[in-house]
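The values are calculated or read from the model by the stated rules, or taken from the named source; none is laboratory data. Predicted, not measured: the structure shown is a model, and the values here were computed from it. Here the Cβ positions follow ideal geometry from the backbone for every residue, glycine too, while neighbour counts run over all protein chains shown. Calculation scope for accessible area: heavy atoms of the full protein, side chains included, ligands and nucleic acids excluded. Shrake-Rupley method; radii C 1.70, N 1.55, O 1.52, S 1.80 Å.
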Amino acid sequence: MNKYLAECIGTFWLVLGGCGSAVLAAGFPDVGIGLLGVSLAFGLTVLTMAYAIGHISGCHLNPAVSLGLWAGGRFPANELVPYIIAQVLGAILGASALYLIASGQSGFELSAGFASNGFGEHSPGGYSMTAALVAEVVLTMMFIFVIMGATDKRAPAGLAPIAIGLCLTLIHLISIPVTNTSVNPARSTGVALFVGDWAVAQLWLFWLAPLVGGFVGAKLYKAVAKETE
């Protein structure tokens, strides 16, 4: 249970820190952190939690990561579903805390998006469903590839959280304009449940694409690194 609790807390932090930066601080007058700040915030949530709970649960914080590590022979199948449940629960709790904070401001409206992921008219840059699908698959694939490599027993010890956190930052720098960046079905679910409507209707893509990308990324790393289970 300690592992599942750690995953729940870690994903709570990812949503509160990452989505919170987008909702509360990105466009704040004069000193808003913008795209760069939000990207860095997501990377920092993973970096900080990797050092805090990596030794407890592995710090997945993401169903696509858990699936990818299973596909790569690094994670047992019997823990996959409990991990995903814990991650989704943590994301919902994180979104709940964010809602309680954000709704304390006069004029707050969920219709502004609440950091939800979307495509078409709900993409920040107006990107199509196909563009969103390709971006989420490819970027999740590379995220898992980096995770597999950084945590390989042959990699420099103790530096994995830095590589993984910076990779997530880079992914956000690339894809916030496309989908508002998911690469994490739990993160997408937490905020989408509060927005409802279009955010829930489009949520399928932000489960399908990251899971496919996570699976492919793990298999790609195994092939390149010649890693055996």
Quiz item: Could you say whether any residue in segment 158-178 is in contact with a Cys (Cβ under 7 Å, 6 or more places away or on another chain) and aliphatic (A, V, I, L, M)?
Solution: no
Residue hits (segment 115-138; in contact with a Phe, Trp or Tyr (Cβ under 7 Å, 6 or more places away or on another chain) and either open to solvent by less than 10 Å² (accessible area, probe 1.4 Å) or of a type in the set (D, E) (or both)) are N117, G118, A132, E136
Within segment 73-84, the residues that are closer than 20 Å to T189 by Cβ, touching a residue at least 24 places away in the same chain (Cβ under 8 Å) and surrounded by fewer than 21 Cβ atoms within 10 Å (Cβ to Cβ) are E79, P82, I84
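Residue-by-condition table, conditions (1) of a type in the set (A, V, I, L, M, F, W, C); (2) within 19 Å of N117 (Cα to Cα):
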{"site": "M1", "(1), (2)": "yes, no"}
{"site": "A6", "(1), (2)": "yes, no"}
{"site": "V31", "(1), (2)": "yes, no"}
{"site": "T45", "(1), (2)": "no, yes"}
{"site": "G54", "(1), (2)": "no, no"}
{"site": "G58", "(1), (2)": "no, no"}
Practice problem: Output yes when any residue across segment 132-151 is of a type in the set (S, T, Y) and farther than 18 Å from S66 by Cα, and no when none is. | Solution: no
The residue that is nearest to the chain's Cα centre (by Cα), considering only those in segment 22-63 that are of a type in the set (G, A, S) and within 19 Å of I9 (Cβ to Cβ), is G43
Scanning segment 175-190 residue by residue, those small (G, A, S) and either assigned to a helix (DSSP H, G or I) or open to solvent by 20 Å² or more (accessible area, probe 1.4 Å) (or both) turn out to be S175, A186, S188, G190
Next item on the list: Output yes when any residue across segment 56-72 is modelled with pLDDT of 95 or more and surrounded by fewer than 16 Cβ atoms within 10 Å (Cβ to Cβ), and no when none is.
Entry: yes
Here is a check on your reading of the model: is M141 more than 14 Å from the chain's Cα centre (by Cα), among the hydrophobic types (A, V, I, L, M, F, W, C) and surrounded by 18 or more Cβ atoms within 10 Å (Cβ to Cβ)? no
> On the given criteria, is V146 among the aliphatic types (A, V, I, L, M), in a helix (DSSP H, G or I), free of Cβ contacts under 8 Å to residues at least 24 places away in the same chain and open to solvent by less than 50 Å² (accessible area, probe 1.4 Å)?
Replying inline: yes
The correct count of residues that are of a type in the set (S, T, N, Q) and buried (at least 24 other Cβ atoms within 10 Å of the Cβ) in segment 39-55 is 2
Checking G190, G196 in turn, the sole residue that is closer than 25 Å to T48 by Cα and not basic (K, R) turns out to be G190
Restricting segment 191-220 to residues that are out of contact with any Leu (no Cβ under 8 Å at 6 or more places or on another chain) and surrounded by 24 or more Cβ atoms within 10 Å (Cβ to Cβ), the one nearest to A115 (Cα to Cα) turns out to be F206
Would you be able to say whether some residue in segment 157-174 is in a loop (DSSP other than H, G, I, E, B), open to solvent by 20 Å² or more (accessible area, probe 1.4 Å) and either touching a residue at least 12 places away in the same chain (Cβ under 8 Å) or touching a His at 6+ places or on another chain (Cβ under 6 Å) (or both)? no
